[in-house]
Each structure stands twice: as C-alpha cells, then as structure tokens.
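The values are calculated or read from the model by the stated rules, or taken from the named source; none is laboratory data. Predicted, not measured: the structure shown is a model, and the values here were computed from it. Here the Cβ is made from the backbone with ideal geometry for all residues, glycine too, and neighbour counts use every protein chain on show.
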Amino acid sequence: MRVNFVAFLAGLLLLAACSSGPSSDVPQNVSLAVPDTTSLVQSGDLRIGPMDLLEISVFGAPDLDNSYQVDFEGNLKMPLIGSFRATGYTASELALYLEGRLAERFLQDPDVTVRISESQDRVVTVDGSVSKPGVYPISGQMTLLQAIALSGGPTESANPRRVVVFRQIEGKRNAAGFDLKAIRAGKADDPLIYGNDIIVVDGSEARRTYGDFLRSVPLLALFFIY
C-alpha cells in the first residue's frame with residue numbers, strides 16, 4: 001500500500017513539473033465532499049468477513065435471490081441450505097460452495113453468483129510524520145483526530161499545521177489540507193474520515209519520503225481521472 005501510494009505521489013509530482021500555471025498550496029481547512037465509495041475495491045482475493053452484506057443470486061431459482069448479511073459470528077442463513085460458516089471464503093469460492101450444497105438435494109447443475117456489496121473491512125491509510133504509519137481498519141464514524149490517534153499521533157518533528165487528506169470524489173483524486181492545532185483548539189472543524197482515505201502528516205519523516213510535495217505541489221495536480 002505504501003509503495004503504491006509513493007508511486008502515485010511521484011506521478012503527481014511529474015504533473016506538477018509539467019504544469020505551466022503558477023503553483024499554489026493545498027487549501028487549508030476546506031470541506032471535502034463525501035467520497036465515491038467507502039468500500040474496499042473488490043478483487044478476487046477479498047475475503048468475506050463478519051457483518052458483510054452479500055448479494056446472492058441463483059439462476060432459475062428467483063426465490064433464493066436476495067441480500068444476505070453475515071452475522072457477528074461469521075455465519076449466514078439461506079433457505080434450503082440453512083445456517084453455515086461464510087467467513088473466509090472469497091465471493092467465487094462461496095458461490096462454488098453453494099452450488100455444491102444446492103446440487104446435493106435441490107437443484108440440477110445450479111449456477112450461483114455471489115457479490116460482496118458491503119464490506120465492513122474499511123480501512124484508512126495514515127502516513128508521513130506519525131509514530132506508526134500504516135493501514136488501519138475503521139468502523140462507524142471517525143474524525144481526522146481519531147484517525148491520526150490510531151497511528152500513535154504526530155512525531156516530535158511533525159508539522160501539525162499541515163495534514164493532507166486524499167480522497168476520490170466524482171472519479172477524481174481530491175486533496176485538502178488541515179491544521180491539527182486549529183482543530184484541537186476548536187478553531188476549525190474536525191472533518192469526518194471515510195474508508196479508503198489517505199492521510200499524510202507533514203514533517204521531516206514525511207519529507208524524506210515525499211520531498212516537498214505536501215507543501216509545493218500545485219493544486220490542479222491533485223485532481224485526475226482514474
């Protein structure tokens with residue numbers, strides 16, 4: 001995750017170098033819109049977890065087509081099959097399992113499709129000048145201060161007046177800067193953080209990785225279409 005993000009920043013720096021317009025800092029303490037999605041990008045190896053919401057359809061058996069939620073213990077209950085352990089499977093693996101169970105007694109050559117429509121494994125990336133950079137799971141509502149606290153807080157050499165949040169909004173990568181001191185003093189709102197947000201705290205550790213990117217990249221270089 002960290003290597004990919006550094007590569008992403010390097011690409012933005014290249015865009016900044018090619019820009020002919022005047023440079024300007026990332027705006028401070030602005031309101032960032034809600035992201036396109038707070039769910040993990042689905043891949044073939046995404047594992048089903050407790051409280052995940054699944055869309056299951058069985059070709060030729062519309063009575064089985066429905067949304068099913070995995071319970072806290074990792075079990076799922078379906079008509080005909082009953083209750084079974086669902087966690088640990090990928091969507092394709094669970095589809096094969098269900099086809100096998102349905103073929104035992106109920107359907108001939110069943111065709112099952114499973115999709116993870118909502119995953120509770122939402123994560124936020126906290127990087128830069130923090131005690132424990134990394135990827136952290138989040139649940140429920142979380143603010144910027146709370147997300148940074150997960151990483152152990154800013155280091156002694158951090159610049160708490162410049163924290164940048166990266167977020168995808170309407171298909172574009174957006175960024176906004178926030179002043180932690182102003183937030184802690186009640187002079188600025190503590191913004192909500194969503195799954196897939198990337199938070200970078202400025203400071204000497206951050207500059208060793210990102211150079212002067214956090215302070216010098218032109219604003220327009222922070223928006224691009226995937």
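Residue selection: Val135 satisfies the criterion of being assigned to a strand (DSSP E or B), within 30 Å of Ser204 (Cα to Cα) and in contact with a Ser or Thr (Cβ under 6 Å, 6 or more places away or on another chain).
Tell me whether the stretch 179-186 contains one or more residues that are under 19 Å from the mean Cα position of the chain (by Cα) and at negative phi. Spell out how you get there, then give the answer.
First, the residues of the stretch 179-186 that are under 19 Å from the mean Cα position of the chain (by Cα): none.
No, that holds for no residue.
Is one or more of the residues making up the stretch 82-92 in contact with a Pro (Cβ under 7 Å, 6 or more places away or on another chain) and either in the same structural domain as Val112 (by TED's automatic domain parsing) or within 23 Å of Arg105 (Cα to Cα) (or both)? Yes: the stretch 82-92 contains one or more residues that are in contact with a Pro (Cβ under 7 Å, 6 or more places away or on another chain) and either in the same structural domain as Val112 (by TED's automatic domain parsing) or within 23 Å of Arg105 (Cα to Cα) (or both). Only residues that are under 23 Å from the mean Cα position of the chain (by Cα) and surrounded by fewer than 19 Cβ atoms within 10 Å (Cβ to Cβ) were counted across the stretch 151-160, and they come to 2. Please go through the stretch 167-187 and give me each residue that is at pLDDT 85 or above and in contact with a strand residue (DSSP E or B) (Cβ under 9 Å, 6 or more places away or on another chain), ordered by number. Matches in the stretch 167-187: Phe178, Asp179, Leu180, Lys181, Ala182, Ile183, Arg184.
If we scan the stretch 75-88, do we find a residue that is surrounded by 15 or more Cβ atoms within 10 Å (Cβ to Cβ), in contact (Cβ under 8 Å) with a residue 40 or more places away in the chain and either basic (Lys, Arg) or under 30 Å from Leu192 (Cβ atoms) (or both)? Checked the stretch 75-88: at least one residue is surrounded by 15 or more Cβ atoms within 10 Å (Cβ to Cβ), in contact (Cβ under 8 Å) with a residue 40 or more places away in the chain and either basic (Lys, Arg) or under 30 Å from Leu192 (Cβ atoms) (or both).
Inspection of the stretch 81-88 finds no residue satisfying the criterion of being in contact with a helix residue (DSSP H, G or I) (Cβ under 7 Å, 6 or more places away or on another chain), part of a strand (DSSP E or B) and among the charged types (D, E, K, R).
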